[in-house]
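Here's the structure we're looking at; comments come further down.
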Amino acid sequence: AEDEATLKPRAAVVAMLGHVDHGKTSLLDAIRGESVAAGEAGGITQAIGAYQATVNDRLITFLDTPGHEAFTEMRARGAQTTDIAVLVLAANDGVMPQTREAIDHIRAAGVPMVIALNKMDLDNADPTRAKTQLTEVEVVIEEFGGDVPLVPVSAETKEGLPELLETILLVADVQDHKANPDREASGAVLESELDRRQGPRTTLLVQRGTLHVGDTILVGDTWGKIKAMFDFRGERVKSATPSTPVSVLGLQDV
């Protein structure tokens, strides 16, 4: 248990879920392009499956979840990594089987949901139908008297992106996320791979404490000493505070 006095505000961690082809990746790319510091936006290479965007001088951490199964499996392992889930729904398609699946996963995780009604720029977009279909799966949006915010967006034209980010911050304000940065770090593994030159490369989300280069870490049956740490831009960093995703070298196994 943490002493309240040691807790400091941290960035909200947001996962995007939704039906395949409804635009999760293009929406994430659009957000990255718009809100990661302007000077870098052009040359950003996606180094890890998570990144941070700055909105109104506040950070939001986005997880590029590889799919619903991974989201569920992480939850099953007790790795509650996500604070807010954004359900990406295409306005021309409406609620699809994987949309229902995503809604079930979000409910099971017990995290607040924000709906990004994407592809509003298309001629066959039918927002009214999509909103009605949501009601049929018991997701009642604010417009219909419920508590789920819905923001019309277009990853193509960037329309609605500022409103979506503002809405995420409003939901984060209500939740008031905090953690103690001044303790030994703990968190979750988001992904890992074997780098031919550098050995096992592991993407971590720091949830509590501050992680430093040189720290010895334990993950499941493997361990290691952090030799190098990189942020989402692929740049070397020496430490990572709560809600920060980093890629580290030094674990013995993938």
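Just one residue in the set Glu40, Glu34 is modelled with pLDDT under 80, in contact with a Lys or Arg (Cβ under 7 Å, 6 or more places away or on another chain) and within 19 Å of Glu159 (Cα to Cα); that residue is Glu34.
Specify the residue that is farthest from Gln80 (Cα to Cα); the eligible residues are those in region 187-206 that are of a type in the set (S, T, N, Q) and open to solvent by less than 50 Å² (accessible area, probe 1.4 Å). In this case the residue turns out to be Thr202.
Answer with yes or no whether Leu204 is within 25 Å of Ile60 (Cβ to Cβ), touching a residue at least 12 places away in the same chain (Cβ under 8 Å), touching a strand residue (DSSP E or B) at 6+ places or on another chain (Cβ under 7 Å) and among the hydrophobic types (A, V, I, L, M, F, W, C). Yes. Got a number for residues in region 121-154 being under 19 Å from Asn92 (Cβ atoms), open to solvent by less than 90 Å² (accessible area, probe 1.4 Å) and not basic (Lys, Arg)? The number of residues fulfilling the criteria is 18.
Close contacts from region 122-137, counting a first residue that is of a type outside the set (A, V, I, L, M, F, W, C) and a second that is in a helix (DSSP H, G or I), with Cβ to Cβ under 8 Å and a gap of 6+ residues or different chains, come to Lys131/Glu143; Lys131/Phe144; Thr135/Phe144. Taken across region 166-179, residues that are modelled with pLDDT under 95 and on the phi > 0 side of the Ramachandran plot do occur, with at least one present.
Of all residues in region 132-152, exactly one satisfies the criterion of being in contact with a helix residue (DSSP H, G or I) (Cβ under 7 Å, 6 or more places away or on another chain) and hydroxyl-bearing (Ser, Thr, Tyr), namely Thr135. Sub-8 Å Cβ pairs linking a first residue in region 57-69 that is farther than 12 Å from Val14 by Cβ to a second residue that is at pLDDT 90 or above, at least 6 apart or interchain, are Arg58/Ala11; Arg58/Leu169, ordered by first then second residue.
For beta carbons closer than 7 Å, sequence separation of 6+ or different chains, a first residue in region 1-22 that is under 15 Å from Arg100 (Cα atoms) and a second that is open to solvent by 10 Å² or more (accessible area, probe 1.4 Å) and basic (Lys, Arg), the qualifying pairs are Met16/Lys24; Gly18/Lys24. Among the strands (runs of 3 or more DSSP E) confined to region 207-254, there are none with at least 3 residues that are open to solvent by 90 Å² or more (accessible area, probe 1.4 Å), closer than 18 Å to Leu194 by Cβ and small (Gly, Ala, Ser).
Return a yes/no flag: does region 221-240 have any residue that is within 22 Å of Ala15 (Cα to Cα) and at pLDDT 95 or above. Scanning region 221-240 turns up at least one residue that is within 22 Å of Ala15 (Cα to Cα) and at pLDDT 95 or above. Applying the criterion of being among the polar types (S, T, N, Q) and either modelled with pLDDT under 95 or out of contact with any Leu (no Cβ under 7 Å at 6 or more places or on another chain) (or both) to the residues of region 180-201, the residue that is farthest from Leu249 (Cα to Cα) is Ser186. For Ile168, the conditions (1) under 25 Å from Leu27 (Cβ atoms); (2) open to solvent by 60 Å² or more (accessible area, probe 1.4 Å) all hold with the exception of (2).
The values are calculated or read from the model by the stated rules, or taken from the named source; none is laboratory data. Everything numeric in this text was worked out from a predicted model, so none of it was measured. A quick note on method: Cβ atoms are made from the backbone with ideal geometry, for glycine too, and the neighbour counts reach across all protein chains shown. All accessible areas refer to the heavy atoms of the entire protein, side chains included, with ligands and DNA or RNA removed. Shrake-Rupley method; radii C 1.70, N 1.55, O 1.52, S 1.80 Å.
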